[in-house]
Every structure is written in C-alpha cells, then in structure tokens.
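Student: Just passing along the structure, written as structure tokens.
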Ligand code: SF4
Ligand code: SF4
C-alpha cells in the first residue's frame, strides 16, 4: 500500500484548523513540502511542544510527505523563539544525515502561519489570488498532521488530539485527548474556569470560534481557550450589528487595508473598499471578500472598533448564496514595499486585545486522562461527513474503524478513540465504557 493510501485509511486530516483530507495533498506532485509549525495564534502552545516532544515523528512524517509528493525538499517553518523544538528537530535531522530536510526560522508575528504568508516567508513565492500553495509547487501541512502521517504509515489511526487548554483556567496545560472528549471535561482537568461568566473558543483568540460547553473536540481542535464573556475578543465575534455599524461609522481611514496580509502580498484586496461598497449598497469591490482569509487583523486595528472581517464574512455568504463566481485570480508580481515593516508582533496583538494576563506557559504532559465517554463528530473535515459503519450496542476497540469515506467523495475515515459500547449515532457517534 502506498503512503497516501495508508494516510487515507488512518483518517488523517489537516490538524491546523482546515481539516482538508491529507491523503489528497499527498497525491500531488510538488517541489517542496513545508511544515507549518508557526502556531501564530497567540496563547496556543500545542504545535511548538509537539515539535519538541515528538520531533522524530514530525521529521519522519515530513520524509514520508516528501517521498509521496516527489518533492525535492522538506522545510519545517517555525518561530525562532521555539528554542526547544529547534534543538530537538535539529538533533533528529542531524541523525538522519538527510540533506533534503531543513528548518526555516520565522519572526514572532501574526499571521506567520497563514499559508500564503508562510509560503512567501519560506520561499519568496507569491500564491495567486484565491489560489493554493499547489499553484506554486508547494504543499503545506501542519506539524501535528505530519506526526499523524508518520503514525498512519505505522498503521496507527488518528484517535487522539494534542491541544492546549488556556486562558481563564486555573492551570493551563497541553496534552493528548481522545477525539470526541467533551470540552467541559477538558476544562475541568485544567482546574476549571477561574471566573463566573465566560465563553469557550475552539482555537486561538484571532481565528478561533465560540463553541458551546457541551461540544466535543475534533481532529482539528488545537486549543480550548476560556475567556471572560465581556472580553474584546468575544465582542468581535458576537456583535450582531457589524454590518450596520460599518454603514454608519466607517471613516475610510484605510487602516484595515494597510495592515491586511493579503493586500501586503500584492493581492487586490482592499478591505476599506469592501466596507465602502457595503455602506453605499454597491456591488463594486464586494467580490474582493472572496480573497479574505478571515485572519481578523482588520478588526484588530480598526480605530473606531468596527468589524470589517465580519462584514467580509457576511459578504462572502451573500455572494455564495447568489451564486456569484470569484473573479479574482491574478498572480501578483511583487509584494507591497512596506510588507516587512507591517508585520504585527504577537505582543501587540495580545496587548490591544487585553490578553497579556493569559500569556502563560501551558506545559505538555503525556499523562493519560481517564475518559469514559466520547461523542465523535462524523464531519470533521473539508468535504462530506464520514458514513457510520457501526450500529447501536456494538462493542468497539480504540483504533477500530467506525465511519468511512463515502464512495467517491472527499471525506475522512473515523476511528473509535476509546474502548466501549456505541450508545448513540446521529451527527456524532457516542461511545461509552
Ligand atoms: S479601519 Fe475601520 S474605519 Fe478604517 S476603513 Fe477600515 S473599517 Fe473603516
Ligand atoms: S480578515 Fe481583514 S486583514 Fe485578514 S485577510 Fe481579511 S481583510 Fe485582510
């Protein structure tokens, strides 16, 4: 069986948040494989510690990805400040005597882990508007995905997920949990929330999404962040009047455009023009929203606290609903001359969002937590949900296939993450000991 087939069997999907089925990426033919180890979301400490504690797995996964894609080289891109990970990875690479694998060190800015930004930082290549790394001969995989590729080839399916639990909890930490573990249970292992009114985010403060306490983790959950209900981050994600406020208060200062990482890469995405068109009800410029990666820097910088990212999200939804095609596919020839000077340091992101108090270590533990029930979502990937192949009352073992890719569809296999009995099957499969 080839590498991509083993990875398909093991149910590997992009662990950085997108959830694209990895076996598809491994079937491409490219020049370079980049490991995204930037972990640019403030407060999360997962990937950087995986690259330290599981350096051998990450490097092995990269070798396999290089082999599968026929790439000439593999580059692990991580921040210069991840000293322990750099040391562990360098040691592992030196032992391999493999000259095709190397490290690329990044500054500590947001969004260093955005694929378009990362590809430019590492190779100097600019991905076309609305394009993919593949358009410039590159495949990008998250560090945890690479670890999962190495495990898949050893016939170990994806059953557990490393993540950081942080923010307003008593003891932030990083550990593996069975996929489907309840979020509230994980927060309790961190000593519980240390305030009465809070919300929970799946992911970091910039791109994470608010989730209910009763939800469970997926293959894509890199962090669980607890924040006060009245924090700036929560306001940005929940304000229901974002569009109305843009219409009445956008002063066209252009700050949202000048900070935008896609604009700085030379893409014709001028965020202030989308806001202007929204304000006066014009269609012109609205399609630029297709190019927005929703990094949130425009919300972060707007001097009058408007939420242009939210407007872009709404615009995209409307355009999809209307069946409007994305007309933006140009390839820029050069980045903006100020690009290097407009990288936003993580400290500034944290400062403006009043999150510095949560910028604490979240040390990795390899402790195995006693999880007695899980609810494993059938849809954890780009594409369609997996199809259950178990029935109520079945007794399953950890690692057993319980849902598979529907014939001919883009999806990902799912495996039991604990031993137990199937007690419910709907959009999730529940297993109880
Ligand atoms: S930064 Fe705010 S005020 Fe300035 S153009 Fe953008 S949305 Fe309008
Ligand atoms: S969220 Fe804002 S800053 Fe980020 S890509 Fe979209 S328009 Fe640009």
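The values are calculated or read from the model by the stated rules, or taken from the named source; none is laboratory data. What you see is a predicted model, and the numbers here were worked out from it, not measured in a lab. Methodologically, a virtual Cβ is constructed for each residue, glycine included, from the backbone with ideal geometry; neighbour enumeration extends over all protein chains shown.
Student: Which numbered condition trips up residue 52, out of (1) under 30 Å from residue 169 (Cβ atoms); (2) under 15 Å from the mean Cα position of the chain (by Cα); (3) not in a loop (DSSP other than H, G, I, E, B)?
Tutor: (2)
Student: Give 306, 297, 318 a once-over and let me know the one that is more than 11 Å from ligand 2 (Cβ to nearest atom), surrounded by 15 or more Cβ atoms within 10 Å (Cβ to Cβ) and in the same structural domain as residue 268 (by TED's automatic domain parsing). Break it down stepwise before answering.
Tutor: On the way: 297 fails: more than 11 Å from ligand 2 (Cβ to nearest atom); 318 fails: surrounded by 15 or more Cβ atoms within 10 Å (Cβ to Cβ).
Exactly one residue qualifies, and that residue is 306.
Student: If you don't mind, another one. Among the candidates 216, 182, 222, which residue alone is touching a strand residue (DSSP E or B) at 6+ places or on another chain (Cβ under 8 Å) and within 28 Å of residue 59 (Cβ to Cβ)?
Tutor: Matching residue, one of 216, 182, 222: 222.
Student: Given the residues 347, 325, which is the only one that is in a loop (DSSP other than H, G, I, E, B) and either away from ligand 1 (no atom under 16 Å from the Cβ) or modelled with pLDDT of 95 or more (or both)?
Tutor: On the way: 347 fails: in a loop (DSSP other than H, G, I, E, B).
Of 347, 325, the one residue that is in a loop (DSSP other than H, G, I, E, B) and either away from ligand 1 (no atom under 16 Å from the Cβ) or modelled with pLDDT of 95 or more (or both) is 325.
Student: Report, by residue number, each residue of segment 321-351 that is more than 22 Å from the chain's Cα centre (by Cα) and within 14 Å of ligand 2 (Cβ to nearest atom). Talk me through it step by step, then tell me what you get.
Tutor: If we filter segment 321-351 for residues that are more than 22 Å from the chain's Cα centre (by Cα), which is where we start, we get 321-342, 351.
Result: 328, 336, 339, 342.
Student: Mind checking whether some residue in segment 99-117 is at pLDDT below 95 and surrounded by fewer than 23 Cβ atoms within 10 Å (Cβ to Cβ)?
Tutor: Yes: segment 99-117 contains one or more residues that are at pLDDT below 95 and surrounded by fewer than 23 Cβ atoms within 10 Å (Cβ to Cβ).
Student: Which one of 61, 74 is at negative phi, buried (at least 22 other Cβ atoms within 10 Å of the Cβ) and not in a helix (DSSP H, G or I)? So that I can check it myself, show each step before the final result.
Tutor: Details: 61 fails: not in a helix (DSSP H, G or I).
That would be 74, the only listed residue that is at negative phi, buried (at least 22 other Cβ atoms within 10 Å of the Cβ) and not in a helix (DSSP H, G or I).
Student: Please go through segment 395-410 and give me each residue that is in a loop (DSSP other than H, G, I, E, B) and free of Cβ contacts under 8 Å to residues at least 40 places away in the same chain, ordered by number.
Tutor: Applying the first criterion (in a loop (DSSP other than H, G, I, E, B)) to segment 395-410 yields 397-400, 405-410.
Matches in segment 395-410: 397, 400, 406, 407, 408, 409.
Student: Just give me the residues in segment 109-138 being in contact with a strand residue (DSSP E or B) (Cβ under 8 Å, 6 or more places away or on another chain) and either outside any loop (DSSP other than H, G, I, E, B) or away from ligand 2 (no atom under 15 Å from the Cβ) (or both), in sequence order.
Tutor: Selection gives 109, 110, 115, 118, 119, 121, 122, 123, 125, 133, 137, 138.
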